[in-house]
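The values are calculated or read from the model by the stated rules, or taken from the named source; none is laboratory data. Everything numeric here is computed off the predicted structure, so don't read it as measured data. All Cβ positions, glycine included, derive from the backbone under ideal geometry; neighbour counts span all protein chains shown.
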Amino acid sequence: MKVLMIVLILMLFFAGCVGPIQNQIPRGNSLYQNGYKDGYVSGEYSAGYVYAKFEKDQWLYKNDSDYRSGWNDGFIVGKGRMNNIKRMIR
């Protein structure tokens with residue numbers, strides 16, 4: 001029964017993750033949005049999502065406050081959502 005529940009939760013998660021980040025990026029300039037996308041997937045990766053990868057343009061992060069702000073915001077959201085899913089599965 002527990003295995004079935006986990007499978008159902010994962011199916012719902014993956015069905016909803018086909019492209020949600022594209023619809024959830026906050027408004028802002030393109031550097032903020034790019035930073036947000038990179039930070040989001042990096043946050044997922046940091047929380048253990050095996051299909052995500054760490055993305056960060058080191059030069060932009062160091063030199064552009066919009067990219068850095070977007071990356072930090074996206075990282076917090078991506079990691080938080082992945083951790084919430086992991087808590088639901090336990």
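Quickly run through segment 46-90 and pick out the residues that are aromatic (F, W, Y) and in contact (Cβ under 8 Å) with a residue 24 or more places away in the chain. Explain how you work it out, then say what you get.
Going residue by residue through segment 46-90, those that are aromatic (F, W, Y) are 49, 51, 54, 59, 61, 67, 71, 75.
Y49, Y61, Y67, W71, F75 - these are the residues of segment 46-90 that are aromatic (F, W, Y) and in contact (Cβ under 8 Å) with a residue 24 or more places away in the chain.
Mind checking whether some residue in segment 58-72 is among the basic types (K, R) and either touching a strand residue (DSSP E or B) at 6+ places or on another chain (Cβ under 7 Å) or buried (at least 18 other Cβ atoms within 10 Å of the Cβ) (or both)?
Step one: list which residues in segment 58-72 are among the basic types (K, R), which gives 62, 68.
If we keep only those that are either touching a strand residue (DSSP E or B) at 6+ places or on another chain (Cβ under 7 Å) or buried (at least 18 other Cβ atoms within 10 Å of the Cβ) (or both) as well, we get 68.
Yes.
What's the total number of residues in segment 48-79 that are among the acidic types (D, E) and either farther than 13 Å from L31 by Cα or part of a helix (DSSP H, G or I) (or both)?
Number of matching residues: 3.
Exactly one condition in (1) in a helix (DSSP H, G or I); (2) modelled with pLDDT of 90 or more is false for M5; which is it?
Against the list (1) in a helix (DSSP H, G or I); (2) modelled with pLDDT of 90 or more, M5 comes up short only on (2).
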